[in-house]
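Undergrad: Here you go, one structure.
The values are calculated or read from the model by the stated rules, or taken from the named source; none is laboratory data. Source: prediction; values computed, not measured. Glycine also receives a Cβ, built like all others from the backbone with ideal geometry; neighbour counts cover every protein chain displayed.
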Amino acid sequence: MAKTNKLEKIKTLKMLQLWGQLPNPDFHFFHTHGVSPHKALRDLSYSPEVQSAILARESAVIGDPWEIIGDNEAETKFIAYNLEKLGINSIFREIFHALWYGYTILQHPIQKVNNHWEYIKIDSLPSEWFCFDKKSQLIPSNHTNTTPLNMTIGDLDKEVELVQYRPTFINPYGESLLTRVFWSATWIRGTMDLWISYIDRFGDDSIVGRVELANDDKKMAMLHAIQEFRSSGAMVIEGSDSIDILKSDKNSSSQLFKDFYDLCTKQISKVILGHSSALDSTPGKLGNEASISIVRQDITQDDKSIIAETMNKLIRHLCLINNFSSRISFAWKPEQEDEKSRIERDTMLHNIGFEFSEEYICKTYRFNKQDISKSSPK
């Protein structure tokens, strides 16, 4: 009787139908179950559905034009050359790890070349090598050394640069976008054996046994008989006990799986890209016709802000250890205006009486000064 009541209670809860009833896959959840959160999330990113969403979000930022701005031309060129030599797009991808895992630690060893310090490389270290102490300071996770890592900008002994995505005092590990899609991606990543057994189970006809005397012993005997029939194809029953077969449609079970798969995929797209149809395609079109951009503009700007902030910390550190006097910074270039629209706009302004300087003409239309001259008024 106790078992029956427990089963009825579980059936009434319907926990699998309520997304909110699932445990929060935070760091505490993984540690409680003896699983490395970093490895679990890394494995999750190998799922094609998650990987495509990650690449789509990164591609909306990586490759956009950027510039290094400073008052001193020689110092600005030195900084820009050092970053370009390391591969700035690869640095952007390393910074993006903070969004997927909540935080990332960039190592940036330096060396002195021609009386100037420069970065040898900038890449991320495995997050499982580090943790945060009670004061939210970054320390090695081996616990043999609890001294916080040196992240002082301008110090030659600076060890790493910490990048966090929306950290709080309570959660210095930051918010991980991969944990938000953990359950959806985990269900999708079910092995082929799992889904074959799923379809076989719910696609086969179901057997229902009825017993005349409804007691637990008789029901268990009937259950064992049905199980034996499933494996051997033979079954013996007594008296007026009966066997019924419930017909089921295999197509409906496979449709159920497809609907569930689509739901999980939409959840992944919505969390990472901002809208569920970001990865949907229209026949004969590249990508979703209804989406002008693969991600919303506000998400892209937020990602660019995190990258720009991190790049400026790295640049500031390099300037201080080299005793550069000028203020050098990283900035994203504004989106280029369509040249045809710009010509039409400038023509209209000229027709109503506005004049443009030679500097503006050369800069906007990429002329040299000797290529153009003002015509004399008629």
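Undergrad: One residue is enough: does the range 90-111 have a residue meeting the conditions small (Gly, Ala, Ser) and either in contact with a His (Cβ under 8 Å, 6 or more places away or on another chain) or not assigned by TED's automatic domain parsing to the domain that holds PHE324 (or both)?
TA: Taking every residue of the range 90-111 in turn, none turns out to be small (Gly, Ala, Ser) and either in contact with a His (Cβ under 8 Å, 6 or more places away or on another chain) or not assigned by TED's automatic domain parsing to the domain that holds PHE324 (or both).
Undergrad: I would also like to ask the following. If you go through the range 44-80, how many residues are surrounded by 16 or more Cβ atoms within 10 Å (Cβ to Cβ) and of a type in the set (Asp, Glu)?
TA: 3
Undergrad: Among the residues of the range 111-122, is any modelled with pLDDT of 95 or more and either assigned to a helix (DSSP H, G or I) or of a type in the set (Val, Ile, Thr) (or both)?
TA: Yes, some residue in the range 111-122 is modelled with pLDDT of 95 or more and either assigned to a helix (DSSP H, G or I) or of a type in the set (Val, Ile, Thr) (or both).
Undergrad: Follow-up. Which one of these is surrounded by 12 or more Cβ atoms within 10 Å (Cβ to Cβ), outside any loop (DSSP other than H, G, I, E, B) and under 17 Å from the mean Cα position of the chain (by Cα): LEU83, LEU162, LEU99?
TA: Details: LEU83 fails: under 17 Å from the mean Cα position of the chain (by Cα); LEU162 fails: under 17 Å from the mean Cα position of the chain (by Cα).
Result: LEU99 is the single residue among LEU83, LEU162, LEU99 that is surrounded by 12 or more Cβ atoms within 10 Å (Cβ to Cβ), outside any loop (DSSP other than H, G, I, E, B) and under 17 Å from the mean Cα position of the chain (by Cα).
Undergrad: Please work out if GLU49 is of a type in the set (Asp, Glu), under 24 Å from LYS333 (Cβ atoms) and assigned by TED's automatic domain parsing to the domain that holds HIS97. Write out each step before concluding.
TA: Working: of a type in the set (Asp, Glu): yes; under 24 Å from LYS333 (Cβ atoms): no; assigned by TED's automatic domain parsing to the domain that holds HIS97: yes.
It is false that GLU49 is of a type in the set (Asp, Glu), under 24 Å from LYS333 (Cβ atoms) and assigned by TED's automatic domain parsing to the domain that holds HIS97.
Undergrad: Would you mind telling me which numbered condition in (1) modelled with pLDDT of 85 or more; (2) within 18 Å of SER90 (Cα to Cα) GLY63 fails?
TA: Every condition holds for GLY63 apart from (1).
Undergrad: Wholly within the range 1-49, which helices (runs of 4 or more DSSP H) include no fewer than the required count, namely at least 3 residues that are more than 19 Å from PRO126 (Cβ to Cβ) and modelled with pLDDT of 75 or more?
TA: The qualifying helices (runs of 4 or more DSSP H) are 27-32.
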